[in-house]
Amino acid sequence: MSDRTVVVAGLEQCFRARGGEVHALGPIDLTIEPGELVTLAGPSGCGKTTLLRLLAGFGLPSGGSITVGGEPVRAPGVERGVVFQQPTLYPWLDVRGNVELGPRLRGSAKVERRRTAERFLELVGLQDVAGLRPYELSGGMQQRAQIARVLANDPDIVLMDEPFGALDALTRERLQNELLTIWRETGKTILFITHSVDEAVFLGSRVLVMSPRPGRIVLDEPARFSTASHEVPPEELRALPEFTELAARVRSAIQHVEPVVAG
Amino acid sequence: MTPVLPSVRRALPHVVTLAVVLTAWSLVSASDVVKPAYLTPSPLEVWEAFVRANTYHPIGGGVDRVVRGEENYFLWEHLVVSLRRIGLGLAIALVVAVPLGLTMGLFRGFGRVVGPYVDFLRSIPPLAYIGFLIAWFGFYDTSKVWLLVLAAFPPITLATLNGVRGVKEDHLNAALSLGATKRQTLTHVLAPATVPDILSGLRVAVGFAWTTVVAAELANGLPGIGGLAYLSGTQNKIALSVACILVIGLTAIALDTVLRILEKQLAPWRGKA
Ligand SMILES: Nc1ncnc2c1ncn2[C@@H]1O[C@H](COP(=O)(O)OP(=O)(O)OP(=O)(O)O)[C@@H](O)[C@H]1O
Ligand SMILES: [Mg+2]
């Protein structure tokens with residue numbers, strides 16, 4: 001595998017809005033090494049999605065640069081899979097057709113892509129609705145279908161924008177574990193945006209917090225719970241003092257206040 | 001009381017309404033509100049004219065000869081000829097309009113330059129072209145087919161353009177992130193995403209073309225259902241004329257129903273996603 005280090009330097013984004021210019025993001029400097037699982041939290045409207053879309057290549061930044069493996073990012077690419085905040089499934093394809101789309105675009109054989117699709121549909125628990133159209137699914141099911149579509153395409157880098165936001169607690173926990181298994185087995189680089197402090201700390205090998213608009217990185221800490229979670233049960237991990245301590249620091253960073261030191 | 005089947009109960013208001021309309025019609029034709037009486041044929045007379053127009057029948061008036069339908073064609077054949085004209089006109093219009101609309105949507109500059117001309121053509125009532133087209137293509141079918149092409153292609157072009165403009169940006173982004181080439185985004189996203197708009201453009205065009213063909217058949221429209229409706233009126237065969245009018249109206253409704261079903265089949269997500 002080629003070097004897929006993501007390097008973000010001096011990245012800024014402004015939007016021309018009705019009331020003048022909105023400074024949405026930056027400046028941001030960030031290096032993501034291959035195989036990291038970076039979780040990103042921050043208050044609503046701080047620019048998380050903006051950052052993710054720039055990494056995906058959906059637009060050019062107002063300032064600064066992004067490179068992946070030394071190559072500047074100018075457009076979307078197959079090595080960067082995107083799980084959108086709003087599911088963007090194709091209504092003219094059924095769920096299976098959506099999940100198969102990546103392999104199909106690459107011209108992989110029908111049997112093979114069918115098998116891939118079945119595998120990932122099963123992973124997200126949608127094998128029974130594979131023949132339905134996306135608009136016949138619930139919001140959470142659409143989100144899971146979208147995750148399956150991206151994973152079936154096997155990108156080196158997965159950009160996920162609040163992928164588990166619409167899921168019930170149990171499904172969420174199951175998918176968190178599946179994601180960690182995939183991450184450990186494949187060594188993918190993952191950027192995972194979430195609103196949940198617990199999720200950020202539990203999943204990340206590295207946790208980032210962004211400030212309110214214009215979004216900058218105000219906390220950048222390594223975490224190790226995701227690497228251990230297959231050996232230690234999640235409940236025990238969450239009960240560890242390091243876990244609660246990091247969670248407290250992430251929470252206060254999001255609220256933009258100094259942490260209260262417990263006496 | 002015996003329970004009434006739901007389907008019967010639903011049909012009942014329609015049956016009653018139809019009965020009221022037919023009764024009122026019969027009463028008017030039986031009375032002498034309108035004179036001379038042949039101007040108000042009864043429903044039965046219209047039905048008889050309809051049947052006669054679809055069969056071999058004696059010419060009547062003491063002459064011992066049998067003729068085929070009306071003007072040597074059965075009424076359904078007149079209808080088929082008109083339908084063939086709009087079928088041909090619409091087929092050509094689709095072949096021109098869909099690529100044109102797609103190109104206009106994909107290349108903004110081209111769309112801006114060509115758009116006003118399409119808008120202009122749309123604003124012309126198609127019948128205004130008739131004299132011109134007869135001069136170019138003669139009295140017969142060719143000029144009528146071209147007329148229908150001119151009537152049908154602006155609405156289809158504009159609907160296609162509208163469809164391209166309405167394609168969700170993230171639908172394109174998602175495909176590109178999955179590894180689609182530019183060309184694949186056309187075939188896998190843009191084309192299917194515009195199908196619903198093309199179909200609604202087609203529906204508008206079919207309605208438009210049907211009105212146009214019926215009117216265009218005033219000039220040299222035989223065989224043709226519009227031509228027959230006109231001719232029979234001028235020959236004081238009012239019952240036949242009314243039968244033609246009813247057939248024209250019912251055909252318009254049938255065409256629209258067929259297209260609505262097609263829309264449901266080809267774009268079931270319409271309005272849902
Ligand atoms: N296309 C755009 N045009 C104008 N302003 C935009 C655009 N996209 C985002 N913004 C603005 O940029 C800011 C950041 O938006 P962004 O979607 O990145 O927030 P977010 O952190 O993802 O929020 P959330 O957690 O609610 O999803 C917001 O204030 C938003 O109004
Ligand atoms: Mg967002």
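The values are calculated or read from the model by the stated rules, or taken from the named source; none is laboratory data. None of the values given here were measured: they were computed from a predicted structure. Positions of Cβ are generated from backbone atoms using ideal geometry, with glycine treated the same way; all protein chains shown enter the neighbour counts. What goes into the accessible areas is simple: the full protein's heavy atoms, side chains included, and nothing from ligands, DNA or RNA. Shrake-Rupley method; radii C 1.70, N 1.55, O 1.52, S 1.80 Å.
Here are the numbers:
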| quantity | calculated |
| --- | --- |
| Nearest 10 degrees, 0 to 90: helix B:43-53 Cα axis against chain B principal axis | 80 |
| Interchain or long-range residues, amide H under 5 Å from residue A:206's placed H | A:37, A:39, A:223 |
| C-alpha center-to-center spacing [segment A:84-115, segment B:1-66] in angstrom | 57 |
| Integer Hz, Karplus 6.51/-1.76/1.60 couplings in order for segment B:8-18, x for Gly and Pro | 5, 5, 6, 6, 3, x, 5, 4, 4, 4, 4 |
| Amide hydrogen neighbours beyond the local backbone of residue B:69, cut-off 5 Å, H modeled | B:55, B:56, B:57 |
| Neighbourhood charge, 15 Å Cβ-Cβ cut-off, centred on residue B:61 and excluding it, Lys, Arg +1 and Asp, Glu -1 | +2 |
| Charge dipole of segment B:75-266 about the Cα centre (unit charges at C-beta), most positive-ward option of B:79, B:258, B:223 | B:258 |
| Helix B:108-123 vs. chain B, principal-axis angle (Cα, 0 to 90°, nearest 10) | 10 |
| Rounded Å value of the spacing that divides the Cα centres of segment A:163-179 and segment A:191-218 | 17 |
| Sparse-neighbourhood loop sites, GluC sites (Glu not before Pro) in segment A:161-254 - DSSP loop, at most 13 other Cβ within 10 angstrom | A:231 |
| Within-11-Å neighbourhood charge of residue B:256 [Cβ basis; K, R +1; D, E -1] | +1 |
| Net charge dipole size for chain B [Lys, Arg +1 and Asp, Glu -1 on Cβ; Debye, nearest 20] | 880 |
| Hz values of 3J(HN,Hα) by residue in segment B:92-97 - Karplus curve (6.51, -1.76, 1.60), Gly and Pro given as x | 5, 4, 4, 4, 7, 6 |
| Positive-pole candidate from A:132, A:109, A:98, dipole of segment A:89-154, charges at beta carbon | A:109 |
| Anchor residue A:188: lysines whose Cα lies under 23 Å away (excluding residues fewer than 8 positions away in-chain) | A:48 |
| Degrees between helix B:238-266 axis and first principal axis of chain B (Cα, 0 to 90, nearest 10) | 30 |
| Segment A:89-154 - percent relative contact order, Cα under 8 Å, separation 6 or more | 50 |
| Surface accessible to a 1.4 Å probe, residue B:46 within the full protein complex, Å² | 10 |
| Under 30 Å between alpha carbons - lysine pairs in chain B that sit 8 or more apart or on different chains | 8 |
| Accessible area in square angstrom per residue, the protein assembly as shown, 1.4 angstrom probe | 51 |
| Surrounding net charge for residue A:108, when Lys and Arg each add one and Asp and Glu each subtract one, Cβ distance under 12 Å | +3 |
| Rounded accessible area of residue B:250 (nearest 10 Å², 1.4 Å probe) | 120 |
| Residues with amide H under 5 Å from that of residue A:62, placed H, sequence gap 5 or more | A:12, A:13, A:14 |
| Heavy-atom SASA rank of B:85, A:238, A:104 (probe 1.4 Å, accessible area, largest first) | A:104, A:238, B:85 |
| Contact order relative to length of chain A, as percent, for alpha carbon pairs under 8 angstrom and 6 or more apart | 24 |
| Percent accessible area from carbon and sulfur atoms, the protein assembly as shown, protein chains only, probe 1.4 Å | 61 |
| Exposure of residue B:168 as accessible area (Å², to 10), given a probe of 1.4 Å and all protein chains | 110 |
